[in-house]
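First comes the structure, then the notes that go with it.
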Amino acid sequence: MVKMGKCQPVLLFFFTLHFVIQEASLLWKREEDFTPLTSVEPPTYDRKLSDKVEAMLEKHWGLRGGYVDAECDGESDCKAETYGEVTTVGGRQLAHALGLADDRISNSSPPRMVFCDLGSGVGKLTVQLALENAGLVRSVGIELNQARHQRGVSALESLETSGEVAFLMSEFERQQTPELELKWGDLFESDLAGVTHVYIASLCFSSDILERLGGFLDRQSTVQVVASIRRIPTLHKDGNTKSWSEPEPFPISMSWGGAWIHVYKRNTSSVECSAATLDET
């Protein structure tokens, strides 16, 4: 039997403590080196173009992480409502997840894809996708809240009168002018004729609203891809499994941190629907 000296337990304690501290420092270093999935830029994007677009959005919209709307009745009864939004990095991640940012498509022809943000807020995502994918995508935003919609319209008017968009397209040799529109209305009463890709920030939607939304989108024959923060069960259950694929999860950057979006694809032919139908609305 080996007997331990008086100093051995002390030495063993300090050796163990040193080992724990060393491991903790390595974990801390790995934590510093770790890049969250929601911070990873998509593989195909033009960094210089994106930087220019981000600067334009900051100038005319402000890069705040959401907005606060105040509704007041008289001087004492006020209600503030706050909402978050997709960040500019998240916008590029979303475009990649939806299959919108495909640089193999020539930008010399009219857009073959129409993106619609249902619940577009102040319209920043709608504008970003139009600017970064000019010639590839026509972008439409639909917002029910009139104050947010008007804020977005005012910012868009400021951008359009600045002449910055034309300069941007010339600088990056884009042959097509960005096509975008901000609309005010109820998403369930909106005409989505010609829309091919849809995004819904459905974080606060009830189960009843999600079920109704699934049926509404399923009836839109041109809609081929749907992205939603919450799952939309009616797009993939019972008899609908042949119409829509099982949703694929993708991480995107949001103003509150990050979220997983669920991307549904209609099981039909290709996503090559003309935007001409939308011009008639």
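Criterion first (modelled with pLDDT of 95 or more, buried (at least 20 other Cβ atoms within 10 Å of the Cβ) and assigned to a strand (DSSP E or B)) does residue 152 satisfy it?
no
With 228, 221, 243, 207 as the choices, which residue is hydroxyl-bearing (Ser, Thr, Tyr) and within 17 Å of the chain's Cα centre (by Cα)?
Step by step, each of 228, 221, 243, 207 is checked, and only 228 is hydroxyl-bearing (Ser, Thr, Tyr) and within 17 Å of the chain's Cα centre (by Cα).
I need a count of the residues in the range 235-281 that are modelled with pLDDT under 85, part of a helix (DSSP H, G or I) and either out of contact with any Leu (no Cβ under 9 Å at 6 or more places or on another chain) or under 26 Å from residue 207 (Cβ atoms) (or both).
Summing the residues that are modelled with pLDDT under 85, part of a helix (DSSP H, G or I) and either out of contact with any Leu (no Cβ under 9 Å at 6 or more places or on another chain) or under 26 Å from residue 207 (Cβ atoms) (or both) in the range 235-281 gives 8.
From 218, 186, which residue is within 26 Å of residue 264 (Cβ to Cβ) and surrounded by fewer than 18 Cβ atoms within 10 Å (Cβ to Cβ)?
186
Would you kindly identify the strands (runs of 3 or more DSSP E) lying entirely within the range 58-142 that contain at least 2 residues that are of a type outside the set (D, E, K, R) and modelled with pLDDT of 90 or more?
113-118
Just checking, how many residues over the range 208-231 are over 13 Å from residue 262 (Cβ atoms) and either in a helix (DSSP H, G or I) or among the acidic types (Asp, Glu) (or both)?
The number of residues fulfilling the criteria is 7.
So residue 173 fits all but one of (1) farther than 21 Å from residue 54 by Cα; (2) part of a loop (DSSP other than H, G, I, E, B); (3) acidic (Asp, Glu); what number is the exception?
The one condition residue 173 does not meet is (1).
Would you mention how many residues in the range 196-215 are under 28 Å from residue 87 (Cβ atoms) and surrounded by fewer than 18 Cβ atoms within 10 Å (Cβ to Cβ)?
5
A quick yes/no check of all residues on (1) buried (at least 18 other Cβ atoms within 10 Å of the Cβ); (2) acidic (Asp, Glu):
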residue	(1), (2)
90	yes, no
99	no, no
122	yes, no
128	yes, no
131	yes, no
140	yes, no
160	no, yes
163	no, no
180	yes, no
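Test each condition in (1) in contact with a Phe, Trp or Tyr (Cβ under 6 Å, 6 or more places away or on another chain); (2) more than 23 Å from residue 84 (Cα to Cα); (3) of a type outside the set (D, E, K, R) for residue 193 and report the one that comes out false.
(1)
The values are calculated or read from the model by the stated rules, or taken from the named source; none is laboratory data. Note that this is a predicted model, so its numbers are computed, not measured. All Cβ positions, even for glycine, are placed from backbone atoms using ideal geometry, and neighbour counts span all protein chains on display.
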